[in-house]
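Comments concern the structure below.
The values are calculated or read from the model by the stated rules, or taken from the named source; none is laboratory data. Quantities reported herein were computed from a predicted structural model and do not represent experimental measurements. Heads up, the Cβs are rebuilt from the backbone with ideal geometry, glycines too, and the neighbour counts pull from every protein chain shown. Ligands, DNA and RNA are excluded from the accessible area calculation, which covers all protein heavy atoms including side chains. Shrake-Rupley method; radii C 1.70, N 1.55, O 1.52, S 1.80 Å.
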Amino acid sequence: MTPGGGSGPMKDCEYSQISTHSSSSPMESPHKKKKSAPKRKWEVFPGRNKFFCNGRIMMARQTGVFYLTLVLILVTSGLFFTFDCPYLSEKITPAIPAIGGILFFFVMGTLLRTSFSDPGVLPRATPDEAADLERQIDIANGSSSGGYRPPPRTKEVIINGQTVKLKYCFTCKIFRPPRASHCSLCDNCVERFDHHCPWVGNCVGKRNYRFFYMFILSLSFLTVFIFAFVITHVILRSQQTGFLNALKDSPARYPFTEANSVVCFFSVWSIVGLSGFHTYLISSNQTTNEDIKGSWSNKRGKENYNPYSYGNIFTNCCAALCGPLSPSLIDRRGFVQPDATQLAGPSNGITMYGATQSQSNMCDQDQCIQSTKFVLQAAATPLLQSEPSITSEELPLPGKTTISGPCATLTLGQPTPPSSMPNLTSDTGLTDMIPLKEEHEGHQFLTPEEASSPSGMLPSGSPITHSHTMHVLSLASQDSLHEDSVRGLVKLSSV
Amino acid sequence: PAPQVHSLQELRRSASLATKVFVQRDYSEGTTCQFQTKFPAELESRIERQLFEETVKTLNGFYAEAEKIGGSSYLEGCLACATAYFIFLCMETHYEKVLKKISKYIQEQNEKIYAPRGLLLTDPLERGMRVIEISIYEDRCSSGSSSSGSSSSSSGGGGVGGR
C-alpha cells in the first residue's frame, strides 16, 4: 500500500504538498543546526533580499545600481563643495554651502531610509492559513481534483463602491490585499506596491514611499541647486576674466566643473521629471503600478474611479506623506522559534511586544516540552494511549475525522525534540510518518506495520511496537532524525 | 475535572490543538486594517456571539485609531520629515504605541474570556495583519465538540484511564 492511501489522505497530501512547497531551500538549513545558536528570522527569510547589520538593513538582491547612485551623489556634491563653494561663499554668501549641506544631508538621509527599510513586505502564509484558504477555495470551486493548477484564483471585494479584484498569490499563498503586488525581483508581496527601483536597490511600497518621494524631491532641489551655482560660478569667473578664459582655466584650477554641470544637467531633467510624476501620483493617491496599468483611468469606463482617493489633493498628499507609518510585518530581528521553523514561510511571529511574545513563546515551547515528556512517558507504558498529541494539529477538514485520530497517534510516535513541529499539520503527519520511519535506521521493523496501515490502522495494530518505536526514537539522535523528518516531509510532498 | 474550563496555562498543558479558525480582513472601507465581524461557524458552540463580536469590534477600533489621519499624525509626520526621518531612530511611532495596547488587550481577552472556553487568540501582527487566528483547543479527556477533534477524543476515550 502506498503511504498515500485512498483519496481522502490523497487530498491531505495535496494540502501538505502545497504547505511544504512553501518552504524554499533556505528553510532547510536551520533544521540541522538545532543545537547551535538560535537563528534570527532574517536568516531564514524566503524572499530574495539581502540583509545587513544582523537584520537591521534590508535591500534587494541587485544592489549595483544603488552604489552607482551613491557614488554619483557623493562625487557631484563633493566636487561642488570642494571647488565651487569656497569661491561662492566668498563672493556671494556663506549661506550657499550651508544650504547645500542641509540639502545634501537630507538627500543622503532619505536615500538610505528608502534603500534600507522594509517596503511593506507581506509575510508568507503559515501552513495552517494556506491550508484553510485552499479549503475555502476548493469549496468555492466545487473541489476540483488535483494534478493541474486550477485557474487563477480571485476574490472580489467592494471598496467604497468600486469593485476590486483580489488576486491569489501562488508564491506567498495569500490573497493579496488591495494595492499589494508581488515583486518578481524580490520575490515578495509588497503592500501598496509602487515599483521596484534599482537606483535605490529596493522596492518602493507602503512603508518607504514617503522616504522615496522626499528623496527624489530633495535630490531635485539639490541637483538644481548645484547646477545653478556651478553655472553662477562660471559666469562670475567669466565676468572677471572673460568667458573663454574662464572655461580654459577651469580644467586646471577648477577641475570637473564642466563634468559636474553636464551630470547635473541630465540629472535635473530626469529627477525633476520623476518628482513631478510622483507628485501627480500622490495627489491623486495612485501607485505607479496602478497608473501604468490604468486601473482607475476614465478610459476603462465612466464608472471607474479611484476608491482610495480622499477626494481632494491636499488630503491625499497629507495622507501619503504625513500619515501613520505602519510597522514592519516581517520582524527581521526576531528569533526563529525552533518548533515554528519547519515548513512554514518566515515565522510571522514573535512580536516585539512582550505580552504576546511570551504568550506565543510559551505556547510553542511548552507544547513541545510537554509533548516530549508525553512521548517519553508513553514509551514507558506498553498500552499506547491513542490520544491526540499536543503537537498534532488537525485540519478542520470535513469527513476526515477517522483519519485525524490515528494520525495523531502516528504523530505521537515521532520524537518531539524542541525543533519539531507543532505546526506540522495532521495531513503531513499522517503520511510523513511512513517515509520518515523508513529512512531512519533501526526502525525498519516498523515499516511493514506502517506500510500496511497508511491511514489509521496502526493504533489497533501495534501499540506495543509503537511504544518500542517511541522508546527507540527518543533515544535516537534527534538531530539526524529531525533532518530526516524534514526530508521525509519534502519527499512526501512529491507523493 | 471540569471539562471545558481552563486557565491559560492549564490550557497548554492539558489540551491539544484541535483546529484553527481564521477571521479575515474586511476591505470594504479600503486598505485600513479592519477585520470581519462575521461569526465563524466553528465557534458556534464555544463562545457567545456577542463576546466574539465585541472583541473584533474593539480590535477594529484600535487599528482605526492607529491609522487615523489627523492632527497628531500630521505633526508626527512633519516633525519626522523635518529631521530627515532620523527621529524614527529614537522615537516610537503612534502606530507602535497602539500596537502595544492591542497586544495587551489580546492577552487580557485570552486570559479572561477565551482560555476558559478552550480558545486562544493570536495577535494579527504575528500573521502579517491578515487574519485573527483563533485556535480551538480540545480537552484530552472530554468528548470534543469540534468536528475534527471528535474522533480522536473518542478513540482516546478508551485509553485515557487515569485522566
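Counting only residues that are more than 7 Å from every other protein chain (Cβ to nearest Cβ) and open to solvent by less than 20 Å² (accessible area, probe 1.4 Å), segment B:68-108 holds 4 of them.
Matching residues to (1) surrounded by 13 or more Cβ atoms within 10 Å (Cβ to Cβ); (2) in a helix (DSSP H, G or I); (3) in contact (Cβ under 8 Å) with a residue 12 or more places away in the chain:
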{"position": "A:Pro46", "(1), (2), (3)": "yes, no, yes"}
{"position": "A:Met58", "(1), (2), (3)": "yes, no, yes"}
{"position": "A:Thr69", "(1), (2), (3)": "yes, yes, yes"}
{"position": "A:Leu88", "(1), (2), (3)": "yes, yes, yes"}
{"position": "A:Met108", "(1), (2), (3)": "yes, yes, yes"}
{"position": "A:Thr114", "(1), (2), (3)": "yes, yes, yes"}
{"position": "A:Ala125", "(1), (2), (3)": "yes, no, yes"}
{"position": "A:Ala130", "(1), (2), (3)": "yes, yes, yes"}
{"position": "A:Ala140", "(1), (2), (3)": "no, yes, no"}
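Restricting attention to segment A:90-106, which residues are open to solvent by less than 60 Å² (accessible area, probe 1.4 Å), part of a helix (DSSP H, G or I) and away from every other protein chain (no Cβ under 14 Å)? Residues satisfying the conditions are A:Ala95, A:Ile96, A:Pro97, A:Ala98, A:Gly100. It is to be established whether one or more residues within segment B:15-27 are without any contact (Cβ under 8 Å) to a residue 24 or more places away in the chain, small (Gly, Ala, Ser) and within 13 Å of chain A (Cβ to nearest Cβ). No; the residues of segment B:15-27 include none that is without any contact (Cβ under 8 Å) to a residue 24 or more places away in the chain, small (Gly, Ala, Ser) and within 13 Å of chain A (Cβ to nearest Cβ). Residues in segment B:31-55 that are within 14 Å of chain A (Cβ to nearest Cβ) and in contact with an Asp or Glu (Cβ under 7 Å, 6 or more places away or on another chain): B:Thr32, B:Cys33, B:Gln34, B:Phe35, B:Gln36. Residue count for segment B:24-67 under the criterion of being among the basic types (Lys, Arg) and open to solvent by 50 Å² or more (accessible area, probe 1.4 Å): the result is 3. For segment A:169-192, the candidate set comprises residues that are assigned to a strand (DSSP E or B) and open to solvent by less than 10 Å² (accessible area, probe 1.4 Å); within that set, the residue that is nearest to the other protein chains (Cβ to nearest Cβ) is A:Ile174. Can you find a residue in segment A:284-292 that is within 15 Å of A:Val204 (Cα to Cα), in the same structural domain as A:Leu219 (by the TED database) and acidic (Asp, Glu)? Yes, segment A:284-292 contains at least one residue that is within 15 Å of A:Val204 (Cα to Cα), in the same structural domain as A:Leu219 (by the TED database) and acidic (Asp, Glu).
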